[in-house]
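*Asks:* One structure follows; several queries about it will come next.
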Amino acid sequence: DDKVTFPLCGLNLSPSSSLYDLYACVCHVGGVSAGHYTAYTQHPRTGEWHYYNDDFVTKQLPQEDDYSNAYILFYKKRGTDIKNEDFNAKLISLNSENLS
């Protein structure tokens, strides 16, 4: 149950000169056989953070209290934003493949 500290922006994995920014975090409270998951995600266009907990979503930055519950952290390399057109085309392609 150690507290995990992680940056929202500018994760530095030296000796690489690249920086990484957090865009999602899955949190888990509980044990191996039972527990509860929540998540934070950053909207790719607006940059706003959202918190997901069961059936509700609220605008909220990741809270330091949840850092000890961080289970999976998702970072993207700075300067490699997904272009919405490309992303939407890939989603449509994946959906078409799943329907066939």
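*Asks:* Which strands (runs of 3 or more DSSP E) sit wholly inside the range 1-55 and have at least 3 residues that are under 13 Å from A70 (Cα atoms)?
*Replies:* Answer list for the range 1-55: 19-30, 35-42.
*Asks:* Just give me the residues in the range 1-57 being among the aliphatic types (A, V, I, L, M), under 15 Å from the mean Cα position of the chain (by Cα) and farther than 17 Å from K76 by Cα, in sequence order.
*Replies:* Across the range 1-57, the qualifying residue is only V57.
*Asks:* Can you name the residue in the range 45-65 that is more than 17 Å from C9 (Cα to Cα) and of a type in the set (D, E, K, R) and, of all such residues, is surrounded by the fewest Cβ atoms within 10 Å (Cβ to Cβ)?
*Replies:* Top of the filtered list is D55.
*Asks:* So which pairs qualify, if the first residue must be in the range 15-35 and within 22 Å of D54 (Cα to Cα), the second must be among the aliphatic types (A, V, I, L, M) and exposed (fewer than 12 other Cβ atoms within 10 Å of the Cβ), the Cβ gap must be under 7 Å, and the two must be at least 6 apart or on different chains?
*Replies:* Here the result reads V26/I72, each pair linking the range 15-35 to a residue that is among the aliphatic types (A, V, I, L, M) and exposed (fewer than 12 other Cβ atoms within 10 Å of the Cβ).
*Asks:* I would also like to ask the following. Within the set of pairs 6 or more residues apart or between chains, which connect a residue that is closer than 18 Å to C27 by Cβ inside the range 40-61 to a residue that is among the aliphatic types (A, V, I, L, M) and not in a strand (DSSP E or B) with Cβ atoms less than 7 Å apart?
*Replies:* These pairs meet every condition: W49/L61.
Values in this text are rule-based calculations from the coordinates and carry no lab data. Given the structure is predicted, the values throughout are model-derived calculations rather than measurements. Every residue, glycine among them, receives a Cβ derived from its backbone with ideal geometry; neighbour counts consider all protein chains shown.
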